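Participant: Provided herewith is a single structure, encoded as structure tokens, for subsequent inquiry.
The values are calculated or read from the model by the stated rules, or taken from the named source; none is laboratory data. Everything numeric in this text was worked out from a predicted model, so none of it was measured. As a convention, Cβ positions derive from the backbone with ideal geometry for all residues, glycine included, and neighbour counts pool all protein chains shown.
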Amino acid sequence: MLKFSDYLKGADKLREKLGGFEPEVLIILGSGLGKLGDRLSDPIIIPYGEIPNMRFSTAPGHAGRFLAGELGGRKVLMMQGRLHIYEGWEAEDAVFPIRLAHLLGINKLIVTNAAGGINTSYKPGELMLISDFIKLTGPDPLTGPNLDEFGPRFPDMSKVFDREYMAAFRRIAESHGENIHEGVYYYCTGPRYETPAEIRAMRILGADAVGMSTVPESIAARHCGMRILGLTLVTNMAAGILDQPLSGEEVIEAGNAASDRLSGYVTEFLEVI
């Protein structure tokens, strides 16, 4: 289990690599959504492997590096590729960069993902603001001795996602004629896709989309007191809704198709927060 000194060591190295650049927003880019990094001019590029105790990305479409620069008038730190528990990492590994960001003084998080639509009124290519999540299985990043430097032993999770941020992003999307949803994200550890029976159960529980990321990071960020905007791109309909198999290639293709649109909205959002 990582000690607080391990986080300090990683944060010190990341701060050194940033060379005096002080980001105020962390942005996690999900599958197929890494193109937002292309909007940074002359970014500082830091591969994850250069940070002590930081794991590396193995998921398709995840570059596995930090990018730092200015976007929408804000100094941002981007994760071009995240860490998943299904890759074999511990929960604390998956949220390690969240805690580094907190130690750098970052208190705002934009977390994006590609997910399967459970709500049958959703269509591939549409966006969903995450209003809440369901996590009934898998390891929790707060398990083990609490690190009081990050937050309390029993953090409140009644409002993980910031309502003001959600309203601001909705106004931006609707100004472009976007049909944006608001719903509940169901977290599964993966890497397999869900069965049709599991999807039916999730729908009964109130889930609107399902994916393999975002929730561990959001738990850790809320524990640290960050304000969070969660964004889901519905890249496909979940198992059993359509009579067709699911594939990772489909997810990445849909992410690439929507990347420019979503990148524009995020840029505008940064301008108004």
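Participant: Exactly one of these conditions fails for K35: (1) under 21 Å from T235 (Cα atoms); (2) crowded, with 20+ Cβ neighbours inside 10 Å. Give me its number.
Facilitator: (2)
Participant: Same structure again: Looking at the range 105-112, can you tell me whether even one residue there is out of contact with any strand residue (DSSP E or B) (no Cβ under 9 Å at 6 or more places or on another chain), touching a residue at least 40 places away in the same chain (Cβ under 8 Å) and within 28 Å of E164 (Cβ to Cβ)?
Facilitator: Yes: the range 105-112 contains one or more residues that are out of contact with any strand residue (DSSP E or B) (no Cβ under 9 Å at 6 or more places or on another chain), touching a residue at least 40 places away in the same chain (Cβ under 8 Å) and within 28 Å of E164 (Cβ to Cβ).
Participant: Considering each of A59, A68 in turn, give the residue that is crowded, with 16+ Cβ neighbours inside 10 Å, of a type in the set (G, A, S) and part of a loop (DSSP other than H, G, I, E, B).
Facilitator: The conditions single out A59.
Participant: Same structure again: Restricting attention to the range 81-96, which residues are at pLDDT 95 or above and of a type in the set (G, A, S)?
Facilitator: A91, A94
Participant: If I filter the range 188-198 for residues that are aliphatic (A, V, I, L, M) and either under 19 Å from L29 (Cα atoms) or buried (at least 19 other Cβ atoms within 10 Å of the Cβ) (or both), do I get at least one hit? Show your work before the answer.
Facilitator: If we filter the range 188-198 for residues that are aliphatic (A, V, I, L, M), which is where we start, we get 197.
Okay, now just the ones that are also either under 19 Å from L29 (Cα atoms) or buried (at least 19 other Cβ atoms within 10 Å of the Cβ) (or both), so none.
Within the range 188-198, not a single residue is aliphatic (A, V, I, L, M) and either under 19 Å from L29 (Cα atoms) or buried (at least 19 other Cβ atoms within 10 Å of the Cβ) (or both).
Participant: Checking the conditions here, which among G177, G138, G183, G206 is over 16 Å from the mean Cα position of the chain (by Cα) and closer than 21 Å to Y265 by Cα? Please lay out each step first, then the result.
Facilitator: Working: G138 fails: closer than 21 Å to Y265 by Cα; G183 fails: over 16 Å from the mean Cα position of the chain (by Cα); G206 fails: closer than 21 Å to Y265 by Cα.
Result of the check over G177, G138, G183, G206: G177.
Participant: Further question: Can you confirm whether R99 is of a type in the set (K, R), touching a helix residue (DSSP H, G or I) at 6+ places or on another chain (Cβ under 7 Å), modelled with pLDDT of 95 or more and assigned to a helix (DSSP H, G or I)?
Facilitator: Answer is yes for this residue.
Participant: Please identify the pairs in which a residue from the range 178-195 that is at positive phi has its Cβ atom under 9 Å from the Cβ atom of a residue that is crowded, with 18+ Cβ neighbours inside 10 Å and small (G, A, S), counting only partners at least 6 apart or on another chain.
Facilitator: Short answer, once both residue conditions are applied: G190/G211; G190/S213.
Participant: Would a scan of the range 105-128 turn up a residue that is farther than 27 Å from V184 by Cα, at pLDDT 95 or above, touching a Leu at 6+ places or on another chain (Cβ under 8 Å) and not in a strand (DSSP E or B)?
Facilitator: Taking the range 105-128 and keeping what is farther than 27 Å from V184 by Cα, we get 105.
Those still in the list that are at pLDDT 95 or above too: 105.
Narrowing the set further to residues that are touching a Leu at 6+ places or on another chain (Cβ under 8 Å) leaves none.
The answer is no; no qualifying residue exists.
Residue-wise test of (1) assigned to a loop (DSSP other than H, G, I, E, B); (2) of a type in the set (S, T, N, Q); (3) in contact with a strand residue (DSSP E or B) (Cβ under 9 Å, 6 or more places away or on another chain).
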{"position": "P139", "(1), (2), (3)": "yes, no, no"}
{"position": "L142", "(1), (2), (3)": "yes, no, no"}
{"position": "F150", "(1), (2), (3)": "yes, no, no"}
{"position": "D156", "(1), (2), (3)": "yes, no, no"}
{"position": "V160", "(1), (2), (3)": "yes, no, yes"}
{"position": "F169", "(1), (2), (3)": "no, no, yes"}
{"position": "A173", "(1), (2), (3)": "no, no, yes"}
{"position": "G177", "(1), (2), (3)": "yes, no, no"}
{"position": "G183", "(1), (2), (3)": "no, no, yes"}
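Participant: Tell me, yes or no, whether the range 5-20 has at least one residue that is surrounded by 22 or more Cβ atoms within 10 Å (Cβ to Cβ), assigned to a loop (DSSP other than H, G, I, E, B) and at pLDDT 95 or above.
Facilitator: The answer is no, given that none of the residues of the range 5-20 is surrounded by 22 or more Cβ atoms within 10 Å (Cβ to Cβ), assigned to a loop (DSSP other than H, G, I, E, B) and at pLDDT 95 or above.
Participant: When D148 is evaluated against the numbered criteria (1) charged (D, E, K, R); (2) under 16 Å from I219 (Cα atoms); (3) in contact with a Leu (Cβ under 6 Å, 6 or more places away or on another chain), which criterion, by number, is the only one it fails?
Facilitator: The number of the failed condition is (3).
Participant: Next up: Which pairs turn up if I take residues in the range 81-101 that are without any contact (Cβ under 8 Å) to a residue 24 or more places away in the chain and look for partners that are surrounded by fewer than 23 Cβ atoms within 10 Å (Cβ to Cβ) with beta carbon separation below 6 Å, at least 6 apart in sequence or on another chain?
Facilitator: none
Participant: Which residue pairs have Cβ atoms closer than 9 Å, lie 6 or more positions apart in sequence or on different chains, and pair a first residue in the range 28-52 that is within 13 Å of K75 (Cα to Cα) and at pLDDT below 85 with a second residue that is aliphatic (A, V, I, L, M) and not in a helix (DSSP H, G or I)?
Facilitator: Sorted first by the residue in the range 28-52, then by its partner, the list stays empty.
Participant: Which of the residues spanning the range 113-149 are loosely packed, with under 14 Cβ neighbours inside 10 Å and among the basic types (K, R)?
Facilitator: K123
Participant: Sticking with this one: For the range 193-240, which positions are modelled with pLDDT of 95 or more, of a type in the set (A, V, I, L, M), assigned to a loop (DSSP other than H, G, I, E, B) and more than 28 Å from R153 (Cα to Cα)?
Facilitator: If the condition is that a residue be modelled with pLDDT of 95 or more, of a type in the set (A, V, I, L, M), assigned to a loop (DSSP other than H, G, I, E, B) and more than 28 Å from R153 (Cα to Cα), then no residue fits.
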